[in-house]
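What follows is a short report on a single structure.
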Amino acid sequence: MLVKAAVIVGYLAVVTAVGLLARRRSSVGAEDFFLANRSLGPVLLLLTMAATNFSAFTVLGFAGMGYRVGWAYYPIMAFGTGFMALSFLFLGVPIRAAAQRLGAVSPAELIGLRFKSPALRIAFLVVMVVFTLPYLAIQPMGAGYALERLLGIPYQFGAVLVTAVVVGYVLLGGLRGVVWTDALQGFLMLGALVVIFVGVAGALGGFATANRLVYARHFRLFVRPGGDGMLVPKIWFSYMLLWLLCDPLFPQLFQRFMAAKDDRSLRVTALLYPLVCGGLFFLPIGIGVMARRILPGLEGAATDAVLVMAADAVLPGWLAALAIAAGLAGLMSTMDSQLLTLGSMVSRDLLRRDRPVRRLWPERLAVIGLAVAGLALALRPVGTILEIATETFTGLAVLFPLLVAAVYWPRANPWAGLASIVTGEALVVLYHFKLLPAFGFLPAIPAVAASALVLVGGSLLWPRRDLEAFARVSRAGLAWGGVFGLLFLLSLDFWNWRQSMPLWANLPGWLWHSFGLILALFFAVALHLRTRGRSAAEFFIRPSRRDLFRKLRHVGFKRYFYGGAYHPEPKDDEPSE
């Protein structure tokens, strides 16, 4: 027990030390504290995007869903979340440019400046805060479950301890500290998940053998609609679409668009993000499936701790503690970003501190207050991690039509946008109390559809002609929309329903279909970048070295190094998305 405690304490001390180091690199002002002076390059942006999006829901909730539902949960999460990479290209790139031009720091501030509407700015803020706080509470919930199981300490103490550590390094280093700790936590999360996966598979005689053993007793974990029968076709469609609708509206991800150094950073992130999701999500879901043979009989909220319990059952004490740090890394790397982004919104949109300031004590008090609010919700959880997360996703997804209109539709009416938010969120409340039928879909789908209809209808009736969108829709963009739409349709492989024919590693054939779609999405994004006049390889070369790359390609290696006139190629303009 002492060894386990030492490993966890050491991990918490390291992330705090990283926050202290980041403080030394920080400059004065809100833009550095909240956006790291808009300086995130492609490597750091990819790492912090992934670590921020992969939360306690990813590490602990996915394992629980693998235990209850089975492999059917993998495609809707891996491909569905990887498909969200398109928002980096078609929303993130114009949002970054607009935020830099307008000097916006928070998401609600950017929307308010775009529509010149204080009312819409406040409505956007309220929705983001109200629906992010429950998701924020998931993170100390996960910490409480993990530390209670591993060290035997009370659930409440574990939740308070991790919250205090996160608040500490957020206040010390701002976004710079958050990004550095995200990079560390992302690598730790991946490494520890691999260790647990290998340990659980090894305890059952290898991965293929483990699948065969689980299949023999729990056949439903290898077919759709899954072990508890939840993933019927309409729910499958809903989840596949939900991540594209809601993930860009997570305040912490939206603000990452604004913190990117340049468009190239976002495009590199979009290129690699499907592969990161496909690889990482396989691990906790696989652990949950295999754990059915190691830890039978778990039900309800107890399944959210199955990853911790499996690690404790099959790994040595110190290694199990290191593996549990993966769960802490996932939840802390999300919680820190949520606190920072919500703090920026309180500062910029409620206190209206939109002028350069040197002292950031109101911002820091806002971070502390939000952390206390999230902790209070976590100490009396109202449901499982999945139930709370789904409510958050639904509420944020309602903002998606307004975001698309902000980027691409100059005649969108802000009052119609406000009405769309009110309509959509009213439906979310009615669906929460089960007062309306969802016709077999997740409530997010009809809520977003109603929100879009109100926005489009109101804007067509009373268009605004004095506003400017962030970007324009090109013919090439429409063509690529068709290509990516086809990939989405292929992910709805209802012809494979109830099929369980095992292929390699005793995994069902429809799961290999999903692996192929993830690779196809990667190559489609790479081809999209290529048609924009950039090869995929050039995106991994720094701009200063890219000039040398162009010269060598244009005049030849020998001529460049051994003499001869060089006439540089004209720089091609960057077309809009």
Any chance V93 is in a helix (DSSP H, G or I) and within 22 Å of the chain's Cα centre (by Cα)
yes
Selected residue (only one of A108, A104 is among the aliphatic types (A, V, I, L, M), part of a loop (DSSP other than H, G, I, E, B) and closer than 24 Å to A416 by Cβ)
A104
Enumeration of residues in the range 437-448 that are surrounded by 14 or more Cβ atoms within 10 Å (Cβ to Cβ) and free of Cβ contacts under 8 Å to residues at least 12 places away in the same chain:
A438
When L190 is evaluated against the numbered criteria (1) surrounded by 24 or more Cβ atoms within 10 Å (Cβ to Cβ); (2) in contact (Cβ under 8 Å) with a residue 24 or more places away in the chain, which criterion, by number, is the only one it fails?
(1)
Given the condition surrounded by fewer than 24 Cβ atoms within 10 Å (Cβ to Cβ) and hydroxyl-bearing (S, T, Y), answer yes or no: does some residue in the range 133-149 qualify?
no
Candidates E425, E468 - the one that is within 22 Å of V126 (Cβ to Cβ) and acidic (D, E)
E425
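Yes/no matrix, rows are residues, columns are (1) buried (at least 24 other Cβ atoms within 10 Å of the Cβ); (2) among the basic types (K, R):
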| residue | (1), (2) |
| --- | --- |
| T48 | yes, no |
| N53 | yes, no |
| T58 | yes, no |
| M65 | yes, no |
| W71 | yes, no |
| S87 | yes, no |
| V93 | yes, no |
| A97 | no, no |
| R101 | no, yes |
Does at least one position in the range 69-88 carry a residue that is over 21 Å from the mean Cα position of the chain (by Cα) and among the hydroxyl-bearing types (S, T, Y)?
no
So N413 passes all but one of these: (1) under 27 Å from the mean Cα position of the chain (by Cα); (2) over 16 Å from T390 (Cα atoms). Which condition number does it fail?
(1)
Check off (1) at pLDDT 90 or above; (2) outside any helix (DSSP H, G or I) for I153 and give me the number that stays unchecked.
(1)
Kindly list the number of the only condition in (1) surrounded by fewer than 23 Cβ atoms within 10 Å (Cβ to Cβ); (2) modelled with pLDDT under 90 that fails for V167.
(2)
Return yes when V429 is in contact (Cβ under 8 Å) with a residue 12 or more places away in the chain, in a helix (DSSP H, G or I) and not small (G, A, S) and no when it is not.
no
If the requirement is being within 30 Å of R101 (Cα to Cα), surrounded by 13 or more Cβ atoms within 10 Å (Cβ to Cβ) and at pLDDT below 95, which of these qualifies: G477, G458?
G477
What number of residues in the range 106-124 are β-branched (V, I, T) and surrounded by fewer than 24 Cβ atoms within 10 Å (Cβ to Cβ)?
1
Can you confirm whether the range 312-319 contains a residue that is under 23 Å from G206 (Cα atoms), outside any helix (DSSP H, G or I) and not aromatic (F, W, Y)?
yes
Is it the case that some residue within the range 245-255 is part of a helix (DSSP H, G or I), under 30 Å from V525 (Cα atoms), in contact with a Gly (Cβ under 6 Å, 6 or more places away or on another chain) and touching a residue at least 40 places away in the same chain (Cβ under 8 Å)?
no
Filter the range 294-305 down to residues that are under 20 Å from R212 (Cα atoms) and not in a loop (DSSP other than H, G, I, E, B), then give me how many there are.
1
Can you tell me which of V223, V232 is crowded, with 19+ Cβ neighbours inside 10 Å and of a type in the set (V, I, T)?
V223
Are any of the residues in the range 266-283 surrounded by 22 or more Cβ atoms within 10 Å (Cβ to Cβ), of a type in the set (A, V, I, L, M, F, W, C), in contact with a helix residue (DSSP H, G or I) (Cβ under 9 Å, 6 or more places away or on another chain) and assigned to a strand (DSSP E or B)?
no
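The values are calculated or read from the model by the stated rules, or taken from the named source; none is laboratory data. None of the values given here were measured: they were computed from a predicted structure. Neighbour counts are summed over all protein chains in view; Cβ atoms, including those assigned to glycine, are modelled from backbone coordinates with ideal geometry.
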